[in-house]
Amino acid sequence: MPQSTSKRRIGRGIGVAAAIAVAAAVTAPVAAHAVPAADAAPAAASKLHDDFNGDGYQDLAVADSYGKVDGKARAGYVAVVYGSAKGLDLGHKQVISQNSPGIPGAAETDDYYGEGIAAGDLDGDGYADLVVGAPSEDVGDVTAAGTLAVLWGGKQGLSGGTAVATGTEEDRVDSKTPALGDFDNDGHLDLATGNRLLSGPFDRTGGAASSRTLALEPAYVTDDVATGDVDHDGVTDLVALIHDVSDDDMHDPDYRHRRAVYLRGTPDGLSKPVELKNPDGTRMRGGEHLGIGDVDKDGFADLVIGRSNDGFGETDLDDPLLKGGQIGVVHGSADGPDTSRTTVITQNTPGVPGDAEWADGFGGGISVGDINADGYADVSTGSASEAIGDVYAAGQVTVLRGGKSGLSGNGAFSMSQNTKNVPGEAEQNDFFGAETKLLDVNGDGRAELFAGATGENRDGGVWAFPNTVNAPTATGSVSFGAGTLGTGANGSALGSGFTR
């Protein structure tokens, strides 16, 4: 897979490029001075993917890959705010960079640490761990070789870390899209990126049990990766959105031949990638954002593909429904993704708030979860470039509900910073909704909604919407930024990524 040696970064969050100047050191209250031994798991160890301290509540990890660390611009950091019975506990948090004690590497300009983050229990001790990528980190004399590290969970939260992948001149680490799943059904989580597969079990000294190249497609790069049991056989499958780098007609929404590939999980590991085709044999359009979940509760996980790139209104579309962005659902089946059973949702779909307008970015920041504990997966998405009134690119978030017929506009709702009780005010280039996350941080079985606004006050920020009535609500919502985290206002892009 060809890689540029430039340290320019292509991010997932809209508006990140508008927030480059960063200006404050990062604090790091991480109790670690070396890689510690694994904590003894509690008697009833949590199996929640995002529960880093094993207390039974999921925790919110958020990236600021543009953050300044000890004077190093765009070195990047990640922050964790811990869950509790009362929801997100802003008094219980950590900020972690490569200058934090026990964390591999050192903060350097343009590392973009945190560009990719994923959560899961990699060493099997009952505590979730955090995978953190630094896609532009130099390794020796190799520019932008890239690295992946695992930060280990324990009773006190995240502490210490182990480098599990380090790039070379011939084999750089594509660490922007880490995804976890048990792809060989051996009971251990594996870690997949756009170009390699690290097989579990992991340990705190040696890292992964084994590593091999994951060749999705020559000359293609990866936009997003997600995991789930698409064929309902009990083994985790992998889906990736990829695009060609050889075509640079940027005014065409499909200019890089965006496509989706499916890798079936088997007892022998992942199968070779199979490109998804329409029933007539033509290539199915891929996208830029991906989630996987069972939106119709039939036992098969479904693909939720966000297609936020609409061509910006400068060319005729082969698919008029792409205007403003769209979400495409491909239903799972015993044979994998079934492209004969698809749904397309736009802001012109009945029940979906708003109107499809050029360059809204609807379909960005996809997250899949269950907001009302009915067993149907629901979906949050951002339209970060959405104009609110006459305020350009203020942005909004939308929640779509799953049901017996799948994902639809029934019961959909949206929120922006101009929604009553939402902190702040819709301003130009806030990019509210650049990323979203559905996560149950109070343990009641219903997901709360979190949204990143990468351009907020030129620093970025995160909004948390409680879920007290079987749906996230603006009432009681809170926001936090660099001041709350103790990192200072630094012109970065907090909220540019949440865990997968």
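The values are calculated or read from the model by the stated rules, or taken from the named source; none is laboratory data. From a predicted model like this one, the values you see are computed outputs, not experimental measurements. So basically every Cβ, Gly included, is an ideal-geometry build from the backbone, and we count neighbours across all protein chains shown. We work out accessible area using only protein heavy atoms, side chains counted, and drop any ligands, DNA or RNA first. Shrake-Rupley method; radii C 1.70, N 1.55, O 1.52, S 1.80 Å.
Each part gets one Cα centre, and for the stretch 322-347 versus the stretch 386-448 those centres are 21 Å apart. Protection proxy ranking for 75-87, 157-169, using the average of other Cβ atoms within 10 Å per residue and placing the highest first: 75-87, 157-169.
Each of LEU197, LEU485, TYR376 was scored by the projection of its Cα onto the charge dipole of the chain, and the greatest displacement toward the positive side belongs to LEU485; charges sit on the C-beta of Lys, Arg, Asp and Glu. Each Lys and Arg Cβ is given +1 and each Asp and Glu Cβ -1; about its Cα centre, the chain then shows a dipole of about 800 debye. Think of the chain as a dipole: +1 on every Lys or Arg Cβ, -1 on every Asp or Glu Cβ, centred on the Cα centre; then among PHE432, VAL344, ALA215, PHE432 lies furthest on the positive end. Probing with 1.4 Å while keeping every protein chain in the model, the per residue accessible area of the chain equals 36 Å². Bin width 10 Å, alpha-carbon pairs only: give the P(r) of the stretch 35-178 as whole percents, running from 0 to the bin holding the largest distance. Over the stretch 35-178, the share of Cα pairs per 10 Å bin runs 14, 42, 32, 11, 1 percent. ARG212 sits with roughly 110 Å² accessible to a 1.4 Å probe, with DNA, RNA and ligands left out of the calculation.
Using C-alpha pairs under 8 Å with a sequence gap of at least 6, the mean separation divided by the residue count of the stretch 74-181 gives a relative contact order of 22 percent.
Given Cβ point charges of +1 (Lys, Arg) and -1 (Asp, Glu) and nothing else, what value in debye, to the nearest 20, does the dipole of the stretch 188-239 about its Cα centre take?
Numbers: 3 positive and 9 negative charges, 82 e Å.
My answer is approximately 400 debye.
Over the chain, dividing the summed -39,500 (n - 2.57) contributions of all DSSP H runs of at least 4 residues by the number of residues returns a 222 nm mean residue ellipticity of 0 deg cm²/dmol. In summary, the aspartates and glutamates within cross-link reach of LYS68, defined as a Cα separation below 15 angstrom excluding same-chain residues under 8 places away, comprise GLU108, ASP110, ASP111, GLU115, GLU137, ASP459.
Across the stretch 295-390, the mean sequence separation of Cα contacts (distance under 8 Å, 6 or more residues apart), normalised by length, yields a relative contact order of 29 percent. Restricting the trypsin sites (Lys or Arg not before Pro) of the stretch 378-425 to loop positions (DSSP other than H, G, I, E, B) with no more than 15 neighbouring Cβ atoms within 10 Å leaves LYS404, LYS420. Each of the peptides 170-179, 350-359 was scored by the mean count of other Cβ atoms within 10 Å over its residues; in descending order, highest first, they stand as 170-179, 350-359.
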